[in-house]
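A.B. asks: One structure follows; several queries about it will come next.
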Amino acid sequence: MQEAMVREESFYRTPAGKVCVDLLGERMRWFWPDLKNQSVLGLGGAAPYLTRIGDHTTVRVGACFAGNPAEALGLSGQCCVVDPDNLPFEGQQFDRIVLAHGLQTRTNPVQILRAAARVLRDDGRLLMVVPSRLGGRARLRRTPFARDMPFTRHTLRQTLAAAMLRAERWDEAVFLPASHACRTLRRGRRMDIAGKVLCPGGGSLILVEAVPEMYSALPLSVCHKKGWFMRMRVSATGMARIPGAGKTL
């Protein structure tokens, strides 16, 4: 167990980890091809990916969460350590936010996403990279994604809506175990192209871009009453209304 954790925390210092960063960096540039003069915040363990997006005019800030193993991903000197529930940034400070390795089973994803939404500008965009619940974490063993909270697209929409964010664009990556997909960048590209054609929805990682929407907050679980039950309700206890008569008995 301890050996596996060491491998996960040193993943981004290995050749496979560098291929993974390049592979996902290409997908991030598909979402955001032009970040000229924009400010980007990398939350959780997103610091390795910040160098793959934007140009020399892009302002990049990496922020790891206190107590999160993402601190030990070899990111010393690349990011500051912050409280995920109280980010030390001004409101609406960033144009873009990348969230990776920031949501784990012991954390509250809605609380973290609301904190991120607070420092995101009204016209800003947030990009999440999370494992798929459909076997994603199993295929991502020996990588930091193996400890991240898995999602389906449906649960991601619900979680984002509860945080006053709306999912807009989707992508997926790493269709085979990371040990095979991240051997070379060319191999990873070919596998992802084939996976999207032959097995859409089967990627190990889900990428979702979300935008602020102040009226989108919804509870995570909603209980809908059956239509027949609603029709049988009466106006008051012991009172029955005669259809069409406008009187009660």
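A.B. asks: Condition test on Thr248, is it open to solvent by 40 Å² or more (accessible area, probe 1.4 Å), of a type in the set (Ser, Thr, Tyr) and modelled with pLDDT of 90 or more? Can you show your working first?
C.D. replies: Numbers: open to solvent by 40 Å² or more (accessible area, probe 1.4 Å): yes; of a type in the set (Ser, Thr, Tyr): yes; modelled with pLDDT of 90 or more: no.
Judged against the criteria, Thr248 is not a match.
A.B. asks: Output the residues belonging to region 166-178 that are closer than 26 Å to Asp123 by Cα and surrounded by fewer than 19 Cβ atoms within 10 Å (Cβ to Cβ).
C.D. replies: Arg166, Glu168, Arg169, Trp170
A.B. asks: Within region 20-30, work out how many residues are in contact with a strand residue (DSSP E or B) (Cβ under 8 Å, 6 or more places away or on another chain), surrounded by 18 or more Cβ atoms within 10 Å (Cβ to Cβ) and under 24 Å from Leu113 (Cβ atoms). Talk me through it step by step, then tell me what you get.
C.D. replies: So the first thing to find is which residues in region 20-30 are in contact with a strand residue (DSSP E or B) (Cβ under 8 Å, 6 or more places away or on another chain), and the list is 23-24, 27-28, 30.
Subset that is surrounded by 18 or more Cβ atoms within 10 Å (Cβ to Cβ): 23-24, 27-28.
From the residues that got through so far, the ones that are under 24 Å from Leu113 (Cβ atoms) too are 24, 27-28.
Here the count works out to 3.
A.B. asks: Here is a list of conditions, (1) more than 20 Å from Ser10 (Cα to Cα); (2) hydrophobic (A, V, I, L, M, F, W, C); (3) at pLDDT below 95, and Cys182 meets all of them except one; can you say which number that is?
C.D. replies: Cys182 satisfies all of (1) more than 20 Å from Ser10 (Cα to Cα); (2) hydrophobic (A, V, I, L, M, F, W, C); (3) at pLDDT below 95 except (1).
A.B. asks: Give me the pairs, please: first residue somewhere in region 37-53 and in contact (Cβ under 8 Å) with a residue 40 or more places away in the chain, second residue anywhere and open to solvent by 10 Å² or more (accessible area, probe 1.4 Å) and of a type in the set (Asp, Glu), beta-carbon distance under 8 Å, and either six or more positions apart or on two chains.
C.D. replies: Sorted first by the residue in region 37-53, then by its partner, the pairs are Gln38/Asp95; Ser39/Asp95; Val40/Asp95.
A.B. asks: Being aliphatic (A, V, I, L, M) and in a helix (DSSP H, G or I) is the filter here; which residues of region 18-44 pass it?
C.D. replies: Within region 18-44, the subset aliphatic (A, V, I, L, M) is 19, 21, 23-24, 28, 35, 40-41, 43.
Once the filter is applied, which keeps residues that are aliphatic (A, V, I, L, M) and in a helix (DSSP H, G or I), region 18-44 yields Val19, Val21, Leu23, Leu24, Met28.
A.B. asks: Before we move on, is Met214 modelled with pLDDT of 70 or more and either outside any helix (DSSP H, G or I) or hydroxyl-bearing (Ser, Thr, Tyr) (or both)?
C.D. replies: Details: modelled with pLDDT of 70 or more: yes; either outside any helix (DSSP H, G or I) or hydroxyl-bearing (Ser, Thr, Tyr) (or both): yes.
Yes; evaluated as a whole, the condition is true for this residue.
A.B. asks: What single numbered condition from (1) touching an Asp or Glu at 6+ places or on another chain (Cβ under 6 Å); (2) buried (at least 20 other Cβ atoms within 10 Å of the Cβ); (3) modelled with pLDDT of 95 or more; (4) not small (Gly, Ala, Ser) fails to hold for Pro144?
C.D. replies: The failed condition is (3).
A.B. asks: Also: From the list Ala181, Ala163, pick out the single residue that is in contact with a Leu (Cβ under 6 Å, 6 or more places away or on another chain), crowded, with 20+ Cβ neighbours inside 10 Å and either in contact (Cβ under 8 Å) with a residue 40 or more places away in the chain or among the polar types (S, T, N, Q) (or both). Write out each step before concluding.
C.D. replies: Working: Ala181 fails: in contact with a Leu (Cβ under 6 Å, 6 or more places away or on another chain).
Just a single option satisfies the conditions, and that option is Ala163.
The values are calculated or read from the model by the stated rules, or taken from the named source; none is laboratory data. Keep in mind that this is a model prediction, so the values were computed, not measured. Here the Cβ is made from the backbone with ideal geometry for all residues, glycine too, and neighbour counts use every protein chain on show. Side chains are part of the model used for accessible areas, which takes the heavy atoms of the whole protein and leaves out ligands, DNA and RNA. Shrake-Rupley method; radii C 1.70, N 1.55, O 1.52, S 1.80 Å.
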